[in-house]
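Only one structure is covered here, and it is reproduced in the block below.
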Amino acid sequence: MSVLLVAAGAAVGAPLRWWIDRWCQARATTPFPWGTLSVNVSGSFVLGVLAASVSAESPLFLLVGIGFCGTFTPFSSFAWETYQLVQNGARLFGMFNVLTSLLCCFGSAWVGWAMTNAIT
């Protein structure tokens with residue numbers, strides 16, 4: 001049952017991540033990877049909410065935390081896009097991507113966790 005929950009979440013997270021990335025990049029006026037940053041920050045918020053509200057063994061965490069967020073928030077895309085920015089001479093964008101991603105993702109997870117704790 002656990003594997004099916006993870007697979008179901010992943011089946012939603014991966015295509016949604018791809019669609020949001022394409023939508024953001026089609027509107028971007030710079031080479032900065034806005035799509036990846038958007039999904040990583042929003043996924044971090046969801047994980048923060050889950051961490052504050054359900055146990056890591058719960059079916060909801062398996063479905064949303066592991067399955068959905070696991071495919072929705074791609075660290076490998078973040079790493080590759082940062083590498084590409086640096087390789088293409090956009091070092092400032094690369095540094096901005098690293099700093100912004102770290103600060104915003106950790107901050108977003110904390111806000112999700114803190115909001116959930118304040119509400120419950």
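Just so it is clear, none of the values below were taken in a lab; they were calculated from the coordinates. Computed from a prediction, not measured in an experiment: that's the story for all the values here. All Cβ positions, glycine included, derive from the backbone under ideal geometry; neighbour counts span all protein chains shown.
Quick notes
- Distance from the C-alpha centroid of segment 54-73 to that of segment 84-120: 20 Å, rounded to the whole angstrom.
- Span-like helix ranges in the chain, DSSP H, alpha carbon extent 24 angstrom or more, Kyte mean at least 0.5: 2-27, 34-53, 91-119
- Gaussian network model of the chain, springs between alpha carbon atoms under 10 Å - residue of Leu103, Leu37, Leu63 with greatest fluctuation: Leu103
- Cα gyration tensor, segment 1-53 - rounded (a/c under 1.5), prolate or oblate: oblate
- Net charge, Ser77 excluded, C-beta distance under 9 Å - Lys, Arg +1, Asp, Glu -1: -1
- Computed helical MRE - 222 nm, the chain, DSSP H runs ≥ 4 contributing -39500 (n - 2.57), nearest 500: -26000 deg cm²/dmol
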